[in-house]
Amino acid sequence: MSDHIRTRRDGGILEVVIDRPKANAIDLATSRAMGLIFRDFRDDPDVRVAIVTGAGEKFFCAGWDLKAAASGDAVDGDYGVGGFGGLQELRDLNKPVICAVNGICCGGGLEIALSTDLILAAEHATFALPEIRSGTVADAASIKLPKRIPYHIAMDMLLTGRWLDVHEAHRWGFVNEVLPAERVMARAWELARLLESGPPLVYAAIKEIVREAEGSTFQTAMNKITKRQFATVDRLYSSEDQLEGARAFAEKRSPIWKGQ
């Protein structure tokens with residue numbers, strides 16, 4: 001693994017902390033370590049939710065480590081399973097991931113955040129895609145950001161590299177909640193506990209549908225759902241959990257989800 005990535009497991013929740021002073025920037029070795037961590041998270045049925053954050057109070061993640069690049073890390077090198085940061089190209093990740101942004105979130109750090117499902121941010125957090133200034137392209141952000149926020153705002157960030165404070169990021173919709181710095185992790189764990197108690201097979205179906213529908217027409221995606229052509233939907237509709245949900249509703253009690 002890596003000395004720069006810390007993990008903590010509590011029940012069905014995995015916390016992943018990028019701890020690479022001083023800016024939590026990611027080199028090839030760190031990216032590969034993160035890929036293995038998130039691959040194992042994806043494949044372990046007993047872990048249901050992940051939280052990713054950065055160590056310290058100043059940086060969430062400054063993205064690609066330009067000093068490592070200057071020392072020989074190739075920008076198109078082997079980032080490992082899941083691509084840069086282990087998340088943005090990880091196939092079939094059908095579990096919720098929460099991002100807790102505790103400071104500067106830029107470049108590849110912002111791309112990691114965009115690869116998660118929910119983003120919580122401290123009041124002092126800031127966001128940018130400054131790749132334009134270092135002669136490279138924010139590749140994943142160029143694909144994802146214009147689909148998440150208004151096109152002209154995304155292009156402003158990509159073409160100028162300008163910084164957004166957390167309130168503007170929240171206004172444009174790529175931050176779910178803005179919190180005092182001391183509350184961010186507590187809120188992330190509170191949200192993770194809520195998701196941990198929810199139906200994992202339903203979450204898996206939601207994530208696959210949302211991911212696959214992004215490149216489909218509405219009717220094509222709907223047809224795949226109704227014909228059970230999504231693996232997660234087929235599994236859900238054949239599961240004990242689906243019957244348990246119906247029974248619990250009829251019996252006016254809380255369901256007991258088994259993930260099977």
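General observations
- Leading residue by the ranking (least open to solvent (accessible area, probe 1.4 Å)) among those in the stretch 189-217 that are out of contact with any helix residue (DSSP H, G or I) (no Cβ under 9 Å at 6 or more places or on another chain) and among the acidic types (D, E): E196
- Search result, residues across the stretch 9-50 that are under 17 Å from E111 (Cα atoms) and among the basic types (K, R): R32
- Failed criterion for L158 (all others in (1) open to solvent by 50 Å² or more (accessible area, probe 1.4 Å); (2) at pLDDT 95 or above hold): (1)
- Here is the figure for the stretch 174-188: residues that are surrounded by fewer than 18 Cβ atoms within 10 Å (Cβ to Cβ) and either assigned to a helix (DSSP H, G or I) or free of Cβ contacts under 8 Å to residues at least 40 places away in the same chain (or both) total 5.
- Between V52, V47, the distinction of being under 26 Å from A231 (Cβ atoms), open to solvent by less than 20 Å² (accessible area, probe 1.4 Å), part of a loop (DSSP other than H, G, I, E, B) and modelled with pLDDT of 90 or more belongs to V47 only.
- Residues of the stretch 97-115 that are within 8 Å of the chain's Cα centre (by Cα) and part of a helix (DSSP H, G or I): I112, A113, L114.
- Screening A169 with (1) under 12 Å from N102 (Cα atoms); (2) crowded, with 18+ Cβ neighbours inside 10 Å gives one miss only, at (1).
- One residue from A181, A188 being more than 17 Å from the chain's Cα centre (by Cα) and of a type in the set (A, V, I, L, M): A181
- Residues of the stretch 200-247 that are among the aromatic types (F, W, Y) and in a helix (DSSP H, G or I): Y203, F218, Y237.
- Among the residues examined, G85 qualifies as open to solvent by less than 30 Å² (accessible area, probe 1.4 Å), in contact with a Ser or Thr (Cβ under 7 Å, 6 or more places away or on another chain) and modelled with pLDDT under 95.
Yes or no, residue by residue, for (1) surrounded by fewer than 24 Cβ atoms within 10 Å (Cβ to Cβ); (2) part of a loop (DSSP other than H, G, I, E, B); (3) free of Cβ contacts under 8 Å to residues at least 12 places away in the same chain:
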position: S2; (1), (2), (3): yes, yes, no
position: K22; (1), (2), (3): yes, yes, no
position: S31; (1), (2), (3): no, no, no
position: R39; (1), (2), (3): yes, no, no
position: G80; (1), (2), (3): yes, yes, no
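- Tally of residues being out of contact with any Leu (no Cβ under 9 Å at 6 or more places or on another chain), open to solvent by 40 Å² or more (accessible area, probe 1.4 Å) and not basic (K, R) across the stretch 118-150: 6
- Of the residues making up the stretch 143-163, those that are among the basic types (K, R) and out of contact with any strand residue (DSSP E or B) (no Cβ under 8 Å at 6 or more places or on another chain) are K144, K147, R148.
The values are calculated or read from the model by the stated rules, or taken from the named source; none is laboratory data. All figures in this text were calculated on a predicted structure; none of them were measured in a lab. Quick reminder, even Gly has a Cβ in these numbers, built from the backbone with ideal geometry, and neighbours come from all protein chains shown. Heads up: the accessible areas ignore ligands, DNA and RNA and are worked out on the full protein's heavy atoms, side chains in. Shrake-Rupley method; radii C 1.70, N 1.55, O 1.52, S 1.80 Å.
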